[in-house]
Amino acid sequence: MNKYKNLSKILIAAMAIFIAPSCKKTFLDETLKTSQGNEFFKTDAGILQLAAGGYYQLFTGPTNGEWWYCQTQYGTDEFKVGGDPSNSPWNNYDATLAPGLTTNGNLQGSNVYWDNLYIGIGDANLLIQNATASTSASAAIKNTALGEGYFFRAYNYLKLVQQWGAVPLKTSVSTTVELEFTRADPKDVYAQIIADFTQAKNLLPTTGGPSHLTKDAASHFLAKAYLARASEINDSWNTATKAADLAAAVTLCDAVIANHPLASNFAALWNFTGINSANETLPEVIFSAQMTNDVTTNNAVGNTQHLYFISRYDIQDQLARDLGGGRPFSRMATTYYDYRIFDRVNDSRFWKSFRTKWTLNGASPVAPNVKGDMGMMFIINQPGDPRNWAKSKICKATVGAANLIIDPLTSHPIPTVYVAYPNATTTDGALNTDLTTVYQAFPPLSKHFDGSRNSLNDVVGHRDFTLARSAETYLIAAEAKIRLAKLGTGAYTDALPYINAVRTRAQYANGENRASYYDGGNTVQSATLQPAGVINSFYPANSYYESNNIPVTTAASASLAIAGIAPLPAEDEFIISSLGLTNTYDRMLCLVLDERSRELCGEYLRWEDLARTKTLVPRAKAFNVDAAPNIAAKHLLRPIPQPFLDGIQSGGRVLTAAEKQAMQNPGY
């Protein structure tokens, strides 16, 4: 990470202080000069290094490892298992998703995320203790470091409580081995989170983002914490704080929104043009993990999230793996929910979030095709499309074969075309069947594509990872307004200005080419890095016109603004009907959750949003075919990891089986 150059020094100091034995005088009378004592961390240089280590640990979660998508994205309405089922228990909720799930190859164990978050809390406690004790002459350094420490601790606990509910609450530095822990009630954990985020907001500077924490970053996450505490998962105890929490969330959001205007074009957020791209510092971005190509400061493997959404384009007819297409780990496949929730004629976000065309890039094209033709296309059409798409997968075997689709730009056949609703079907699922074949095809989310890597199979990504942007801040405020209306404060329509702000930004502008498309795959640093004879598979267009079957136009699209709460947009009414929702609150909550998907799809927020609102089970049953058979109410919380239960003690002895079960979440 380019902003934290002192990482190697931090790690060396930590090894020397916490692992190496103390030095004693010897017959050589040597004095160790290379390690720092604990007092060093009370100096300006020391607390700055502790803070840098805190950033490093916080960024390790979202940028480096498969556990992040396992616990934040899998098992929801947005994505299901792709072509590689390595981590399928996290999506399918089968019997193996248990306290003792252990890491095995790519499979992530139940304790990986838990351990990572508690390491971050330990780092935060160390920073808070030393910054508090510091006699720094610089109030700015001391206050900023303290604010960062409080933020780190609150952020990690917010993740913990939303995943596991009651968790051990540790707010001091351990000076000896500790083995006895109990789980604090969520009420107490949230109280600590809110107190810490409040401290962070009061101490952090107003400038320095998105690479460093600011007051606005703390305010955004404090609003998230208030909203989470006021959500359905906590309804057994949150009555006394709910109204005040929601009002506070709106106030915080309004202040953040004022300082972070939305980008004028949704696509600008994802227009990654190269390392340290301009899109990464748009005013909309509040806080992000910054990456570079310097391996000594890039979190070891940089940002690996470019790996997980990509389908197996490389095994399609006449296509080959290349840097622009990415390394297709194929972990997460798009669901039909993602197709259903967008107005795909007027809402540009679908076409700017998913790749639907590839360039024919293989070394040996089959005549009449040549390299540079369109090589593969996904038709994401409307249910009941009357055009005669006879198959969901159409491959060219020989010239003149039935069902060939001709590219009008080249008059050449498109070798492979997938269709969401073939042969005028109205039911979902045609593309799902392709995952059971060798083709493993689906239109991938492209928000994390990164063609700037240094070699074909390199996992080291250079894109920044956005942790907070103001489009989400708008939707936090909208949800808070909906909840306040349920409590009798204000009206449900009070949420609409916040929702409409992100919706109107998503409209096609007058003069805009609706087929225009770009993503981070168009950032190959040099053609010499590509395999011999292979060109970039990136194709600078989407299948907007082919999918919608409408004439080419550059006129502004119809307005996406919602005028009233009944009826809601047709896409939302479909979801509402599918879920059997009837009362106004449930309908409006459904609207804001749908809008969060339209805006924030694949940004690693979904599982926690659905779990806290207790909508996870019905939505996964309705829209995730792999999760539907097994998901149950117990899955609103994760199993407490078995390694933790096996490692702790009570009264100086290991826990009995009954005591371990008593500490476990219900149903596991």
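Of note:
- Residue pairs whose Cβ atoms lie under 7 Å apart, sitting 6 or more positions apart in sequence or on different chains, and linking a residue in region 141-152 that is under 11 Å from Lys201 (Cα atoms) and modelled with pLDDT of 95 or more to a partner that is of a type in the set (D, E, K, R) and surrounded by fewer than 24 Cβ atoms within 10 Å (Cβ to Cβ), do not occur here.
Residue by residue, here is whether (1) touching a residue at least 12 places away in the same chain (Cβ under 8 Å); (2) closer than 30 Å to Asp338 by Cα; (3) of a type in the set (S, T, N, Q) holds:
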position: Ala627; (1), (2), (3): yes, yes, no
position: Leu636; (1), (2), (3): yes, yes, no
position: Val654; (1), (2), (3): no, no, no
position: Asn665; (1), (2), (3): yes, no, yes
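- Only residues that are free of Cβ contacts under 8 Å to residues at least 12 places away in the same chain and either in contact with a Lys or Arg (Cβ under 9 Å, 6 or more places away or on another chain) or under 15 Å from Val81 (Cβ atoms) (or both) were counted in region 600-625, giving 0.
- Some residue of region 155-168 being at pLDDT 95 or above, over 30 Å from Pro261 (Cα atoms) and over 25 Å from the mean Cα position of the chain (by Cα): yes
- Residue match in region 100-112 (condition: surrounded by fewer than 22 Cβ atoms within 10 Å (Cβ to Cβ) and hydroxyl-bearing (Ser, Thr, Tyr)): yes
- Where helices (runs of 4 or more DSSP H) sit wholly within region 598-668, those with at least 3 residues that are within 17 Å of Asp94 (Cα to Cα) occupy 616-623.
- No other residue among Phe272, Phe342 is in a loop (DSSP other than H, G, I, E, B), at pLDDT 95 or above and under 16 Å from Val460 (Cβ atoms) apart from Phe272.
- Of all the criteria given as (1) surrounded by fewer than 24 Cβ atoms within 10 Å (Cβ to Cβ); (2) touching a residue at least 40 places away in the same chain (Cβ under 8 Å); (3) not hydroxyl-bearing (Ser, Thr, Tyr), the one not satisfied by Pro89 is (2).
- Matching residues in region 345-360 - criterion: being among the aromatic types (Phe, Trp, Tyr) and either under 17 Å from Ala509 (Cα atoms) or part of a helix (DSSP H, G or I) (or both): Phe350, Trp351
- Criterion applied to Asn104, Asn87, Asn92, Asn116 was being modelled with pLDDT under 95 and not hydroxyl-bearing (Ser, Thr, Tyr), and the one residue passing it is Asn104.
- Where Val524 falls short, out of the listed (1) without any contact (Cβ under 8 Å) to a residue 60 or more places away in the chain; (2) closer than 30 Å to Asp458 by Cβ; (3) of a type outside the set (S, T, N, Q): (1)
- Selection count, region 210-220, where residues are in contact with a helix residue (DSSP H, G or I) (Cβ under 6 Å, 6 or more places away or on another chain) and touching a residue at least 24 places away in the same chain (Cβ under 8 Å): 5
- Only residues that are in contact with an Asp or Glu (Cβ under 9 Å, 6 or more places away or on another chain), farther than 30 Å from Lys621 by Cβ and crowded, with 19+ Cβ neighbours inside 10 Å were counted in region 366-389, giving 5.
- Selection of region 496-542 for residues being among the polar types (S, T, N, Q) and assigned to a loop (DSSP other than H, G, I, E, B) yields Asn510, Asn513, Thr523, Gln525, Ser526, Gln530, Asn536, Ser537, Asn542.
- Any hit, region 634-649, residues being modelled with pLDDT of 95 or more and more than 20 Å from Leu160 (Cα to Cα): yes
Per-residue answers, yes or no, for (1) closer than 30 Å to Glu512 by Cα; (2) touching a strand residue (DSSP E or B) at 6+ places or on another chain (Cβ under 9 Å):
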site: Leu252; (1), (2): no, no
site: Gly274; (1), (2): yes, no
site: Asn279; (1), (2): yes, yes
site: Val285; (1), (2): yes, yes
site: Gln290; (1), (2): no, yes
site: Val301; (1), (2): no, yes
site: Tyr313; (1), (2): yes, yes
site: Gly325; (1), (2): yes, yes
site: Ala333; (1), (2): yes, yes
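- Residues that are assigned to a loop (DSSP other than H, G, I, E, B) and either of a type in the set (S, T, N, Q) or at pLDDT below 95 (or both), drawn from region 559-590: Ser559, Thr582, Asn583
- Any hit, region 586-599, residues being touching a Phe, Trp or Tyr at 6+ places or on another chain (Cβ under 9 Å), in contact (Cβ under 8 Å) with a residue 60 or more places away in the chain and at positive phi: no
- In region 380-417, the residues that are at pLDDT 70 or above and touching a Ser or Thr at 6+ places or on another chain (Cβ under 6 Å): Ile380, Asn381, Pro383, Gly384
- Answer from Thr251, Thr171 - the residue that is part of a helix (DSSP H, G or I), of a type in the set (Val, Ile, Thr) and more than 20 Å from the chain's Cα centre (by Cα): Thr251
- So Ala137, is it at pLDDT below 95 and among the aliphatic types (A, V, I, L, M): yes
- Scanning region 177-216 for residues that are in a helix (DSSP H, G or I) and of a type in the set (Asp, Glu), we see that the one that is surrounded by the most Cβ atoms within 10 Å (Cβ to Cβ) is Asp196.
- Residue within region 497-506 that is surrounded by fewer than 18 Cβ atoms within 10 Å (Cβ to Cβ) and over 29 Å from the mean Cα position of the chain (by Cα) present: no
- Among (1) more than 28 Å from Asn454 (Cα to Cα); (2) surrounded by fewer than 18 Cβ atoms within 10 Å (Cβ to Cβ), the one test that Asp294 misses: (1)
- Any pair with Cβ under 8 angstrom, 6 or more apart, that starts in region 556-573 at a residue that is touching a residue at least 24 places away in the same chain (Cβ under 8 Å) and ends at one that is hydroxyl-bearing (Ser, Thr, Tyr) and in a helix (DSSP H, G or I): Ser559/Thr504; Leu560/Thr504; Ala561/Thr504; Gly564/Thr493; Ile565/Tyr492; Ile565/Thr493; Ile565/Thr584
- Cβ pairs under 9 Å, 6+ apart, first in region 184-195 and under 19 Å from Phe221 (Cβ atoms), second at pLDDT 95 or above and in a strand (DSSP E or B): Pro186/Val167; Val189/Val167; Gln192/Ala184
- Candidates Tyr545, Tyr508, Tyr517, Tyr498: the one that is of a type in the set (Ser, Thr, Tyr) and closer than 18 Å to Phe449 by Cβ is Tyr517.
- Of all residues in region 431-447 being of a type in the set (A, V, I, L, M, F, W, C) and not in a loop (DSSP other than H, G, I, E, B), the one that is modelled with the highest pLDDT: Leu445
- Which listed residue, of Val285, Val301, is under 21 Å from the mean Cα position of the chain (by Cα), of a type in the set (A, V, I, L, M, F, W, C) and surrounded by fewer than 18 Cβ atoms within 10 Å (Cβ to Cβ): Val301
The values are calculated or read from the model by the stated rules, or taken from the named source; none is laboratory data. None of the values given here were measured: they were computed from a predicted structure. When we count neighbours, we look across all protein chains shown, and the Cβ atoms used for this are built from the backbone with ideal geometry, even at glycine.
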